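What follows is a set of notes on a single structure, which appears directly below.
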Amino acid sequence: MATLLAPAFELPSALHSLTNLADTRIGAQIVECSDDFFAEAKRMLQFEAPIFVEDKFDDNGKWMDGWETRRKRHAGYDWCIVKLGVAGTIQAVDIDTTFFTGNYPASASLEGCYAPNGDTAHAKWQPLLGNSILGPSQHHVFDVNQDGIFTHIRLNIFPDGGVARLRVYGEVQIQTTDTDQTLDLLALQNGGRVIAYSDAHFGHPRNLINPGRGVNMGDGWETKRRRAPGFDWCVLALGKAGKIDKIEIDTAHFKGNYPAQVSIQAIYIENATDPQLIPQSMFWPFLLEAQDMQMDHIHAYINEILAHEKISHIRVNMIPDGGISRIRLWGKLV
């Protein structure tokens, strides 16, 4: 069977620091849909880019990597309700019809609601995106201009058809205010985000904050081999400011290419714009001084953490280069 991979897509730079709230890796799931006869709606939320398998069919017809409804023979339209992985504000949405050429919807709209108890039937739905024209086999990135925090979204497609992937880009809103609860304040599901980095030739630093341990060497931050003085670095923002009690640096799967050392600088700062942080980060005080690394190992630090009241941003220095799978900053909200 011939398998086609989705063409490379460059996400608009304005969305790089946002989180896909509809990511199954942080708990997003399908609640209900009007129809998914040809392709299950849950495929639409997969992290991996869609594929097309030329000769793959199932009992209902052509297998498609996405959500696809049957051809509508009466008035109305199809819809799907998605529980976001975490509550958050929404700035943009990507409705991707890749590989849906003669079976994509003519248009789509989006609504959202805040229903932390899961009762979407009695929730107040607000329009996030008006009915917007879609095209065949392409990404459709739309801005969302609606204030508020949302837990669920409803995708409406007119009148029927298929959507390969749905991405909902926004900022996580941590729902707990419990200052006694220990959280990974850097985690994707708690609002951590990447601001800048020196290099991401083999793997993007956004992988550092993904849930779970890395599944392979590609699921981490890996830079190219350094041929000049210096070292690689990345700047990340915590979801909420807090005091850090434990740091974990995981080099899972990195064996001949783990860094010699890693250090972490940190700062608490309010209302800073992302470009300002890059030059400033060179002079931030250390949260963790340079520590020797081992291959394929979780390095845990408690006593080595330097005194601080609270932090909001960190700079990870990978000396001189190489790969890290995950970084965890366990602490409490301040």
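The values are calculated or read from the model by the stated rules, or taken from the named source; none is laboratory data. Remember, predicted model here, so these are calculated numbers, not experimental data. Cβ atoms come from the backbone with ideal geometry, glycine included; neighbour counts cover every protein chain shown. These accessible areas exclude ligands, DNA and RNA; they are computed on the full protein's heavy atoms, side chains included. Shrake-Rupley method; radii C 1.70, N 1.55, O 1.52, S 1.80 Å.
Before moving on, here are some points about what is shown:
- Filter result for A49 (without any contact (Cβ under 8 Å) to a residue 40 or more places away in the chain and not in a strand (DSSP E or B)): no
- Take the conditions (1) among the charged types (D, E, K, R); (2) surrounded by 14 or more Cβ atoms within 10 Å (Cβ to Cβ); (3) at pLDDT below 95; K310 misses just one of them, which is (3).
- The one condition in (1) more than 19 Å from I133 (Cβ to Cβ); (2) touching a residue at least 12 places away in the same chain (Cβ under 8 Å); (3) part of a loop (DSSP other than H, G, I, E, B); (4) in contact with a Pro (Cβ under 9 Å, 6 or more places away or on another chain) that A22 fails to fulfil: (4)
- All positions within region 125-159 that are open to solvent by 40 Å² or more (accessible area, probe 1.4 Å) and closer than 17 Å to G102 by Cα: I133, P136, S137, Q138, H139, F158, P159
- Within region 100-117, restricting attention to residues that are without any contact (Cβ under 8 Å) to a residue 40 or more places away in the chain and among the small types (G, A, S), the residue that is farthest from V82 (Cα to Cα) is G102.
- Residue ID - surrounded by the fewest Cβ atoms within 10 Å (Cβ to Cβ), chosen from residues in region 160-182 that are in contact with a helix residue (DSSP H, G or I) (Cβ under 7 Å, 6 or more places away or on another chain) and modelled with pLDDT under 95: I174
- Counting only residues that are outside any loop (DSSP other than H, G, I, E, B) and open to solvent by less than 60 Å² (accessible area, probe 1.4 Å), region 206-219 holds 3 of them.
- Residue within region 323-330 that is free of Cβ contacts under 8 Å to residues at least 60 places away in the same chain, hydroxyl-bearing (S, T, Y) and closer than 29 Å to K224 by Cβ present: no
- Test: G230 is under 16 Å from A187 (Cβ atoms), open to solvent by less than 60 Å² (accessible area, probe 1.4 Å) and among the small types (G, A, S): no
- Residue under evaluation E222, criteria (1) buried (at least 17 other Cβ atoms within 10 Å of the Cβ); (2) under 30 Å from V31 (Cβ atoms); (3) not aliphatic (A, V, I, L, M), criterion not met: (2)
- Within region 186-205, tally of residues that are surrounded by fewer than 20 Cβ atoms within 10 Å (Cβ to Cβ) and within 18 Å of I298 (Cα to Cα): 0
- Only one entry of A75, A115, A108 meets the criterion of being open to solvent by 60 Å² or more (accessible area, probe 1.4 Å) and of a type in the set (G, A, S), and that entry is A75.
- Any hit, region 46-59, residues being open to solvent by less than 70 Å² (accessible area, probe 1.4 Å), more than 19 Å from L155 (Cα to Cα) and under 19 Å from the mean Cα position of the chain (by Cα): yes
- Candidates T89, T120, T101: the one that is surrounded by fewer than 14 Cβ atoms within 10 Å (Cβ to Cβ) and among the hydroxyl-bearing types (S, T, Y) is T101.
- Scanning region 22-42 for residues that are touching an Asp or Glu at 6+ places or on another chain (Cβ under 6 Å) and surrounded by fewer than 21 Cβ atoms within 10 Å (Cβ to Cβ) yields S34, D35.
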